[in-house]
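The values are calculated or read from the model by the stated rules, or taken from the named source; none is laboratory data. Keep in mind it's a predicted model, so treat the numbers as computed, not measured. Because the Cβ atoms are built from the backbone with ideal geometry, glycine has one as well, and the counts that use them run over all protein chains shown.
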Amino acid sequence: MLVVQKLSHSFLNGTESTQVLAGIDFRVERGEIVALLGSSGSGKSTLLNLMAGLMKPTEGSILIAGRPIEKMSENELAVFRRTHIGFIFQSYELIPHLTVRENVELPLVFQGEKAKIRRERANALLTRVGLAGKTELFPSQLSGGQQQRVSIARSLITEPAVVFADEPTGNLDTKTEAEIIDLLIELNVNHGITFVIVTHEHEVARRTKRIIQLRDGRLVESDAESDEDALLHGEVGT
Ligand SMILES: Nc1ncnc2c1ncn2[C@@H]1O[C@H](COP(=O)(O)OP(=O)(O)O)[C@@H](O)[C@H]1O
Ligand SMILES: [Mg+2]
């Protein structure tokens with residue numbers, strides 16, 4: 001499904017190059033929900049942005065649904081992203097002058113889908129995320145947790161192969177955070193959505209079946225059960 005091979009990335013600042021990711025290898029199968037855990041600055045967002053095709057790696061390969069995305073041209077990648085990849089941002093990134101329903105429909109507008117089909121699919125997804133009565137409101141009329149639900153519905157509307165979320169609960173209180181994670185887990189269990197969720201919160205990572213841990217741009221992978229011990233003993237970054 002998602003295969004990351006020998007992935008490395010460096011940022012160039014003037015003449016100085018800083019390596020942020022080194023030799024990352026892992027795969028995520030269809031229907032998995034994975035937490036990508038690591039302290040601030042460990043390279044989580046960089047890795048997520050590379051996997052989502054938002055930037056090109058210095059070295060290595062990223063296969064999504066069998067396609068190496070780093071080899072695609074900008075145009076190919078734009079189309080591939082729109083159809084195969086969902087993205088959930090920490091700050092929701094909703095368009096303020098569009099209604100909740102219109103925000104969710106937007107990826108289908110870019111695909112040239114008919115208005116009636118767009119509306120039906122958006123309404124169905126908004127019901128699924130618990131916002132049936134809010135479709136004609138504007139984002140500013142919703143709470144943070146509700147806005148994140150809109151952004152989750154939007155990420156699913158093209159039926160992507162994988163959905164990436166970068167600190168999706170980072171702006172939310174603890175109770176709302178738990179509700180949003182419940183929703184992502186429910187979508188994974190009942191609808192088979194594949195999620196990779198970046199977080200620096202042990203509480204969030206603990207909820208997923210599998211944790212991939214980044215430390216200083218390198219991977220420390222293990223399963224959730226054996227991670228539990230490390231988490232309880234505070235051995236992972238904050
Ligand atoms: N565009 C950039 N140019 C230079 N350095 C960057 C850039 N983006 C991130 N970095 C650096 O890469 C490292 C990892 O950043 P990031 O992937 O955002 O980590 P995380 O999401 O885990 O906090 C940090 O040291 C950060 O300063
Ligand atoms: Mg980050």
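Some points to look at:
- Subset of segment 89-147 (residues that are among the small types (Gly, Ala, Ser) and either crowded, with 18+ Cβ neighbours inside 10 Å or touching a His at 6+ places or on another chain (Cβ under 6 Å) (or both)): 122, 145
- Residue among 84, 97 that alone is away from ligand 1 (no atom under 16 Å from the Cβ), touching a residue at least 40 places away in the same chain (Cβ under 8 Å) and either farther than 20 Å from residue 164 by Cα or of a type in the set (Phe, Trp, Tyr) (or both): 97
- Test for residue 113: is it assigned to a loop (DSSP other than H, G, I, E, B), more than 23 Å from residue 2 (Cβ to Cβ) and modelled with pLDDT of 95 or more: yes
- Residue pairs whose Cβ atoms lie under 8 Å apart, separated by 6 or more positions or on different chains, with the first residue in segment 187-204 and at pLDDT below 95 and part of a helix (DSSP H, G or I) and the second among the hydroxyl-bearing types (Ser, Thr, Tyr) and buried (at least 21 other Cβ atoms within 10 Å of the Cβ), are 204/169.
- Given (1) in contact with a helix residue (DSSP H, G or I) (Cβ under 7 Å, 6 or more places away or on another chain); (2) within 22 Å of residue 194 (Cα to Cα); (3) not hydrophobic (A, V, I, L, M, F, W, C), number of the condition residue 96 does not satisfy: (2)
- For segment 123-133, the tally of residues that are outside any loop (DSSP other than H, G, I, E, B) and among the β-branched types (Val, Ile, Thr) stands at 1.
- Scanning segment 16-40 for residues that are over 16 Å from residue 58 (Cβ atoms) and of a type in the set (Val, Ile, Thr) gives 28, 33, 34.
- Just one of the listed residues (10, 42) is within 11 Å of ligand 1 (Cβ to nearest atom), surrounded by 22 or more Cβ atoms within 10 Å (Cβ to Cβ) and of a type in the set (Gly, Ala, Ser), and it is 42.
- Subset of segment 62-106 [part of a strand (DSSP E or B) and within 21 Å of residue 171 (Cα to Cα)]: 86, 87, 88
- Within segment 47-62, the set of residues being within 9 Å of ligand 1 (Cβ to nearest atom) and either surrounded by 21 or more Cβ atoms within 10 Å (Cβ to Cβ) or more than 22 Å from residue 216 (Cβ to Cβ) (or both) comprises just one member, 47.
- Among the residues of segment 184-212, those identified as of a type in the set (Val, Ile, Thr) and under 14 Å from residue 170 (Cβ atoms) are 197, 198, 199, 204.
- Whichever residue in segment 148-187 is surrounded by fewer than 19 Cβ atoms within 10 Å (Cβ to Cβ) and β-branched (Val, Ile, Thr) and, among such residues, is nearest to residue 69 (Cα to Cα): 185
- Residues satisfying the stated conditions in segment 139-168, i.e. within 16 Å of ligand 2 (Cβ to nearest atom) and either within 18 Å of residue 98 (Cα to Cα) or in a helix (DSSP H, G or I) (or both): none
- Out of 120, 136, one residue alone is outside any helix (DSSP H, G or I), more than 16 Å from the chain's Cα centre (by Cα) and over 29 Å from residue 44 (Cα atoms). It is 136.
- Strands (runs of 3 or more DSSP E) wholly inside segment 1-61 containing at least 1 residues that are modelled with pLDDT of 95 or more and more than 16 Å from residue 167 (Cα to Cα): 2-13, 16-28
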